[in-house]
Amino acid sequence: MNAEPLPPSEPVGGPVPPPAAAKRPAVTRAGMIWVATVAALVLLILLIAFIVQNQDDVRVRFFGLDGTISLGMALFIAAVSGGVLVAVAGAVRIIQLRSRSRHAQMPPPGA
């Protein structure tokens, strides 16, 4: 006698759905905003701690301007200025790519 294994049988009602606990909740826009807000607050707290801990006055000279400012604020201003420059460069590149995309999609004149 050949004893071949039988395929597993399914219940009468069809396949059994996974338990409710195994389902992952849907990611919502409100949830993403909540996570971003919490992350921003944590970064803000760290930034405030950095500025408070670096209160030593430093002399800053920039294009003929001369003055003293706390080290934490000087570094913060430098970081924000760098971020603005990166954002401007990125915006210019995005505008350039969108312009090229529009020109590529337009049919040639007279066609």
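None of the figures in this text is laboratory data; all of them are computed from the coordinates on show. Everything numeric here is computed off the predicted structure, so don't read it as measured data. Counting neighbours? That spans all protein chains shown, and the Cβs are built from the backbone with ideal geometry, glycine included.
Return the residues of region 22-56 that are small (Gly, Ala, Ser), within 18 Å of the chain's Cα centre (by Cα) and within 21 Å of residue 73 (Cβ to Cβ); say none if nothing qualifies. If you could, list the steps in order and put the result at the bottom.
Looking only at region 22-56, we keep the residues that are small (Gly, Ala, Ser), and these are 22, 26, 30-31, 36, 39-40, 49.
Remaining after also requiring within 18 Å of the chain's Cα centre (by Cα): 30-31, 36, 39-40.
Within region 22-56, just 40 meets the criteria.
Select from region 57-66 the residues that are of a type outside the set (Phe, Trp, Tyr) and surrounded by fewer than 10 Cβ atoms within 10 Å (Cβ to Cβ) and list them in ascending order. So that I can check it myself, show each step before the final result.
Looking only at region 57-66, we keep the residues that are of a type outside the set (Phe, Trp, Tyr), and these are 57-61, 64-66.
59, 61, 64, 65, 66 - these are the residues of region 57-66 that are of a type outside the set (Phe, Trp, Tyr) and surrounded by fewer than 10 Cβ atoms within 10 Å (Cβ to Cβ).
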